[in-house]
Amino acid sequence: MLKIEHLIKSFGDQPVLKDLNLNIRKGEIYALLGKNGSGKSTTIKILCNLLNADGGSISFKDKPLDHQSKYEIGIAPQEISVYNNLTFKENLEFFGSLYGLSGFKLKSRISELFDIFGLNQHANKKIDQLSGGWKRRINLAVALIHNPDLLILDEPTAGLDIEIRNELWALIGELKKKEISILLTTHLLEEAENLCNRIGILHNGMIQAEGTIEELKKLIPAKKIAMVETPDTEKLIERINQNGWQYRYYNKRLAMLMPQDYSLSEIINHFPDVSLISIAKRDISLEHIYYEVLQKNAEIPI
């Protein structure tokens, strides 16, 4: 569906994208993760023809990406991009007309989106009268007005509370059933883990790791992770090394990478002479994977 090859972009003497390669398949949700400044927004701007790349190529549906592609690509930016002084219905009518929709076709598409997003009760309310959650809904509906094949979601649930976020996750899940390809950027690792078929971690201008959650879990040399609190960190690390295990720091908390799924009592028995305040076993999550990748390719300690 979307194929990016060897994409390069610099601002002055500052390289942002050095050799970006990714491929989004038809009907999948692909999460692009990365720190602020990693190049996510630059990539989106290039896809939307708001920036020109310095090198590389982008193809969409087996053709070079061009200005005509906008009729088959929808984007819901992080900033709410609708008119506050217009109603939900008026916004959809306006943006639909920009994509060449009119008459029965536009009316039918608006009705369909109202049903999908539950907008009927607020159809004639102006945007500035409603909450951030409803604004996010109309932002997403506008991006879908022309029934695109590829939807770009830039931080779609930023700033929303958990209840509204979960509602939008459910809506995005419904879109997945319609075989719309989705490129999603997010800082919420839980969002990427719950919604996406595949995940790419962008750092230093390149995709450093890519795959399904199960494929990415193989990057962690462990079956389980144990978060540990102890007053004797140095002694614990010494014993971890003696056991042939590895350790990491996640959010400044010491974690042991366990080669087997030991019970808590078995873990404690491996450290008979170490004072342990608490131990909590964890499954390998996207957070662990994310830190592992950045630790291998960057300057941050974990």
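In order along the stretch 201-207, the Karplus-derived 3J(HN,Hα) couplings, from 6.51 cos²θ - 1.76 cosθ + 1.60 at θ = phi - 60°, round to 9, 9, 7, 6, x, 9, 6 Hz, and Gly and Pro are given as x. Given R₀ = 30 Å, FRET efficiency for ILE268-THR212 by Cβ-Cβ distance, to 0.05? Once rounded, the FRET efficiency stands at 0.30. For the stretch 221-283, a crude dipole built from +1 on the beta carbon of Lys and Arg and -1 on the beta carbon of Asp and Glu, taken about the Cα centre, is about 280 debye to the nearest 20. For the set LYS3/LYS35; LYS3/LYS61; LYS135/LYS178; LYS218/LYS296; LYS70/LYS126; LYS9/LYS45, the pairs lying more than 18 angstrom apart at their alpha carbons are LYS3/LYS35; LYS135/LYS178; LYS70/LYS126.
Between the C-alpha center of the stretch 1-37 and that of the stretch 136-167 there is a gap of 21 Å.
Dividing the radius of gyration of the alpha carbons in the chain by their Kirkwood radius gives 1.06 for Rg/Rh. For the chain, the residue among TYR247, LEU106, GLY34 whose Cα projects farthest onto the positive side of the dipole built from Cβ charges is LEU106. Between ARG165, ARG109, ARG253, the residue with the greatest mean-square fluctuation in the GNM of the chain (Cα pairs under 10 Å linked by springs) is ARG253.
About its Cα centre, the dipole of the stretch 157-226 is roughly 340 debye, where the only charges are +1 on Lys and Arg Cβ and -1 on Asp and Glu Cβ. Comparing ILE162, ILE44, ILE213 in a Gaussian network model of the chain, where Cα atoms under 10 Å apart are tied by springs, the biggest mean-square fluctuation is seen for ILE162.
Quick one: angle between helix 132-143 and the longest Cα principal axis of the chain, in degrees between 0 and 90, rounded to 10, please. In the chain, helix 132-143 runs at an angle near 60 degrees to the longest axis. Under the criterion of Cα pairs below 8 Å and six or more residues apart, the relative contact order for the chain equals 21 percent. Against the main long axis of the alpha-carbon atoms of the chain, helix 233-242 sits at an angle near 80°. By DSSP, the beta bridges lying fully in the stretch 2-210 are antiparallel in about 55 percent of cases.
Here the stretch 217-302 yields Rg over Rh of 0.95, to two decimals, using C-alpha coordinates and the Kirkwood radius.
Using C-alpha pairs below 8 Å separated by at least 6 residues, the relative contact order for the stretch 140-222 is 24 percent. Can you return the lysines within cross-link range of LYS235? Criterion is Cα-Cα under 25 Å, with same-chain partners fewer than 8 residues away left out. Of all the lysines, those that pass the test against LYS235 - Cα under 25 Å, at least 8 places apart if same chain - are LYS223, LYS224, LYS252, LYS281. Taking the Cα centre of the chain as reference, the dipole from Cβ charges on Lys and Arg (+1) and Asp and Glu (-1) amounts to some 600 debye. Scanning the chain for GluC sites (Glu not before Pro) that sit in a DSSP loop and have at most 11 other Cβ atoms within 10 Å, the longest stretch containing none of them is 180-298. Karplus-based coupling profile of the stretch 11-16, in residue order and whole Hz: 10, x, 9, 9, x, 10, with θ = phi - 60° in 6.51 cos²θ - 1.76 cosθ + 1.60 and x standing for Gly or Pro.
Throughout, read-outs are computed from the coordinates displayed, never taken from laboratory work. In this text the structure is predicted, and so the values were computed from the model without any measurement. Please note: Cβ atoms are built from the backbone with ideal geometry, for glycine as well, and neighbour counts cover all protein chains shown.
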